[in-house]
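Remarks on the structure that follows.
The values are calculated or read from the model by the stated rules, or taken from the named source; none is laboratory data. Remember, it's a predicted structure, so these values are computed and weren't measured experimentally. FYI the Cβ positions are ideal-geometry reconstructions off the backbone, even for glycines, and counts take in every protein chain you see.
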Amino acid sequence: MSLIELVGLSHRYGSREVLKGLNLSIGKGEVFAVIGPTGAGKTTLLRIIDLLEVPSAGEVYFDGKRVPGSRKQRLEIRRRMSFVHQKPQVFNLSVYDNVACGLRWRGEEKHRIAEKVDLILKMVGLEGYKNRNARTLSGGEAQRVALARSLVLEPEVLLLDEPTANLDPVSSAKIEQVISYVARQHNTTMIMSTHDMSQGRQLADRIGVLIDGRLVQTGNADDIFYSPKNEEVANFVGVENVLEGVIITNSDGIVTVKIGPHRIGIQAVSNYPAGKEVYACIRPEDITLAPIFHRSSARNYFQGKVTRVTTLGPLSRVEIDCGFRLVALVTKISAEELNLQEGKEVCATFKATGVHIIERGVNQ
Amino acid sequence: MTEIWDGLIKAIELIISLDPEVMEIAGRSLRISGTACLLASLICLPLGSLIHFHQFRGKRVLINIIQALFSLPSVIIGLFVFVLFSRAGPLGELGILFTPIAMIIGQMILITPILLGLTISALSGVAKEIVDTATSLGASDFQITLLVLREARYAVVAAVILGFGRAISEVGCALMVGGNLKGFTRVMTTAISLETSKGELELSLALGIILLLLALIVNIALYRLQQR
């Protein structure tokens, strides 16, 4: 049974429509990630779920019941949830008092509060900071206080808004570790927003892509990353190669897509008939580069010139002009072995199954 | 010039020897203004929170009026309280004119705009996100108000200290509604005004020094609060 259900949810700030007719159902114990670009409405969505805002239109159901309007009843429901806001706002109190305040507000006994706070501070790695004023902490430490402050309440639903945005890698890793521990151990329902795709993929059971106030696609990580529903999702989830084309033949599910005005055809797996206007999406990591043409089981071969090489940590992002622009991701080591640099001739290959076809002109 | 020096030396003697009259007057000043400040705080802190946390028509205008009243002259309040409690006035029956109670009421009215205005601005200084965070953590409206007052505690305490400073240093209202009755409603400012006009400089100077010392203590306290 779903714990949280949103039906036809719309919200506007003044004349700006932030959420547009959103439907979503989140099950008990599920970890759901909302991904989307900045300004897509992720924070507003979380605020509405936490009952901080009343949506302009639509219904919110919590545990099967429609959320009531009275402040007292809303407070009761809100006390079953906890929301870690994006910018950690710690109170100008000691770390201990910061973490204890939610329990105090719920009228928990003093010795129980002490036990719980100590335990949770240990979990987030801040056990030595009890008496420090929370305002003197670094950003990462403050975010961990904010997380501890929410976790100590043992909420049924934990809402996290960009839990690791702008944090140092050590703090991010610690927070991700705590989140996944809590999700496993306590079976806490979690809804997190992130613009970090890999984080969503790593932590969430299910992902929803929110673009411009619309929940464009929901599904598991593979659905979203390998079968984006439309061009917007494809662009957002990092399918850098979104090529406009028309299907010219379809034989037994293998289609040939003519790309743009060129006479270049890409082979892909799809059921669309000939004549269909489509986008061919290829993830950059699914493209293999070789110095010269050599046969493999892949159906697509393109000879081209390297136009740009950028290093992204252990990976190199290679832009190739092969009549159309292709972006490939290879390891830095193989980029060096292939001596990839501007002007170098390479052969790019990818499988027909590595191409995802989406229909053009839908969901726009 | 020698007169002032002599007066100053005698004044310091009066303070060091803890002269009973000086101590009595200073003590009364502290009691009356302290009570006025405490009572006004008890009203203004919740009222200021109420104004801050609620949206209503004319809120901006109300705050502007409160701020304009910061510089309300104390003689005008003296006049108002005098008329209110004089024999023929609407509250004349109470018979509290020329008593410390009337002085306390006068000073409360005097510092109410300061306390209200500064409480509101202290609360406005607390980020909106603090309120959101507290709400998310399950605080009720009352618990949120307490937390925000606590977040703004330095600014709120500064407001109270400022209010106290204004109350203890005013003379117009204390004189008009207290009457400067020796041993009953004579406070530092009214005593200074009377003794000076009588030419009794040493007592005036002694009280003036104590008043200045108090002002200094208040200022140091404020400074230390703001340093935190």
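Data for the structure
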| item | result |
| --- | --- |
| Elements of type helices (runs of 4 or more DSSP H) in the range B:30-138, at least 2 residues being touching a Cys at 6+ places or on another chain (Cβ under 6 Å) | B:74-85, B:100-124 |
| Close pairs (7 angstrom Cβ cut-off, 6 or more residues apart or separate chains): over 15 Å from residue A:280 (Cβ atoms) and free of Cβ contacts under 8 Å to residues at least 60 places away in the same chain in the range A:330-358, of a type outside the set (A, V, I, L, M, F, W, C) and loosely packed, with under 12 Cβ neighbours inside 10 Å anywhere | A:331/A:314; A:332/A:311; A:332/A:314 |
| Identity of the residue in the range B:126-148, of a type in the set (A, V, I, L, M, F, W, C) and closer than 14 Å to residue A:84 by Cβ, that ends up farthest from the other protein chains (Cβ to nearest Cβ) | B:134 |
| Matching residues, the range A:183-220, being at pLDDT 90 or above, out of contact with any Leu (no Cβ under 8 Å at 6 or more places or on another chain) and farther than 22 Å from residue A:1 by Cα | A:211, A:212 |
| Residue match in the range B:163-170 (condition: assigned to a helix (DSSP H, G or I), among the charged types (D, E, K, R) and within 14 Å of chain A (Cβ to nearest Cβ)) | no |
| 1 or more residues surrounded by fewer than 21 Cβ atoms within 10 Å (Cβ to Cβ): qualifying strands (runs of 3 or more DSSP E) within the range A:189-268 | A:206-211, A:214-219, A:241-251, A:254-259 |
| Residue check, residue A:132 in contact (Cβ under 8 Å) with a residue 12 or more places away in the chain and touching a Cys at 6+ places or on another chain (Cβ under 9 Å) | no |
| Condition met for residue B:99 (more than 22 Å from residue B:214 (Cβ to Cβ), crowded, with 18+ Cβ neighbours inside 10 Å and within 14 Å of chain A (Cβ to nearest Cβ)) | no |
| Flag if residue A:343 is surrounded by fewer than 13 Cβ atoms within 10 Å (Cβ to Cβ), small (Gly, Ala, Ser), in a loop (DSSP other than H, G, I, E, B) and touching a strand residue (DSSP E or B) at 6+ places or on another chain (Cβ under 9 Å) | yes |
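Okay, residues lined up against (1) closer than 30 Å to residue A:207 by Cα; (2) in contact (Cβ under 8 Å) with a residue 12 or more places away in the chain; (3) of a type outside the set (A, V, I, L, M):
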residue: A:228; (1), (2), (3): yes, yes, yes
residue: A:258; (1), (2), (3): no, yes, yes
residue: A:278; (1), (2), (3): yes, yes, no
residue: A:282; (1), (2), (3): yes, yes, no
residue: A:307; (1), (2), (3): no, yes, yes
